[in-house]
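The values are calculated or read from the model by the stated rules, or taken from the named source; none is laboratory data. Here the structure is a predicted model, which is why all the values come from computation and not from measurement. All Cβ positions, glycine included, derive from the backbone under ideal geometry; neighbour counts span all protein chains shown.
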C-alpha cells in the first residue's frame with residue numbers, strides 16, 4: 001500500500017509534467033503587481049494569451065519530450081521508461097534540453113515584448129540550466145530528476161511570489177498557504193523516491209539543491225540570456 005501511494009505520487013509529479021504545472025501556478029495563482037503595470041502579475045494575462053502559452057509550452061515541454069522518449073524506448077535506446085540505469089539517461093536528457101531551448105527561444109524571440117515577463121523568461125531559462133547540470137552530473141552520478149524538477153517548482157513559487165504583492169494586507173508573502181502545502185507534497189515525492197529505492201539520499205539531496213537553488217536564484221533576480 002505504501003509503495004503504491006509513493007509510486008502514484010511519482011507519476012503524478014513526474015519531471016516531464018513539472019514545467020507545465022509550474023506555468024499553471026505562475027498564470028493562475030492570484031497576486032497583485034508590485035508596480036502600476038497590471039501585467040506585472042501574470043494572473044492578469046488575458047485568457048487567450050494564457051491559452052497560447054499553455055499550448056506552445058505544453059507541446060515543447062511535455063508532448064514532444066514524451067514522444068521522443070517513447071520513440072527511444074520503442075527503438076530500445078532505453079530499456080525502461082523509468083531509466084533506472086544512469087547510462088540510459090544521457091540521450092533523453094539531451095533531447096529534453098533541446099526542447100526546453102526551443103521553448104525559451106519562443107518566449108524570448110517570438111513572444112510579444114510587452115508580455116515577456118521576467119519570471120516567465122527566467123523560469124524557462126532556469127529549466128535549461130537545471131537540465132544541463134543534470135547532464136553533467138549524470139556522467140558520474142544519478143541525480144534524482146524528480147527531486148530537481150519538483151524542488152525547482154518550489155523555488156519558482158517562493159521567488160515569484162516574493163516579487164508580488166498579496167491581495168491581503170496582513171499577509172506578506174502571497175499564496176503562502178499553497179506554497180507550504182506544495183513544499184510538503186514535494187517532501188513526500190522525494191521521500192517516495194527513497195522508499196521505492198530509486199535513488200540514494202545523496203542523489204535526492206543533490207537534485208533538491210540543484211532544482212531549488214537554480215530556479216529560486218534565476219526567478220528572484222530575473223536571470224536570463
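Here is how the numbers come out for the structure above:
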{"quantity": "The listed residue being closer than 19 Å to residue 18 by Cα, surrounded by fewer than 23 Cβ atoms within 10 Å (Cβ to Cβ) and in contact with a helix residue (DSSP H, G or I) (Cβ under 8 Å, 6 or more places away or on another chain), out of 77, 83", "calculated": "83"}
{"quantity": "Residue satisfying all of: in segment 108-130; without any contact (Cβ under 8 Å) to a residue 24 or more places away in the chain and within 22 Å of residue 59 (Cβ to Cβ); surrounded by the most Cβ atoms within 10 Å (Cβ to Cβ) among these", "calculated": "111"}
{"quantity": "Residues (assigned to a loop (DSSP other than H, G, I, E, B) and closer than 26 Å to residue 161 by Cα) located in segment 172-198", "calculated": "172, 173, 174, 175"}
{"quantity": "Single match in 156, 133 (criterion: in a helix (DSSP H, G or I), in contact (Cβ under 8 Å) with a residue 12 or more places away in the chain and closer than 24 Å to residue 9 by Cα)", "calculated": "156"}
{"quantity": "Output for segment 25-58, where each listed residue is within 27 Å of residue 12 (Cβ to Cβ) and exposed (fewer than 15 other Cβ atoms within 10 Å of the Cβ)", "calculated": "28, 30, 47, 51, 52, 54, 55"}
{"quantity": "Residues of segment 1-55 classified as under 26 Å from residue 222 (Cβ atoms), in contact (Cβ under 8 Å) with a residue 12 or more places away in the chain and not in a helix (DSSP H, G or I), total", "calculated": "8"}
{"quantity": "Residue among 223, 150, 210 that is in a loop (DSSP other than H, G, I, E, B), at pLDDT 95 or above, touching a helix residue (DSSP H, G or I) at 6+ places or on another chain (Cβ under 6 Å) and within 30 Å of residue 116 (Cβ to Cβ)", "calculated": "223"}
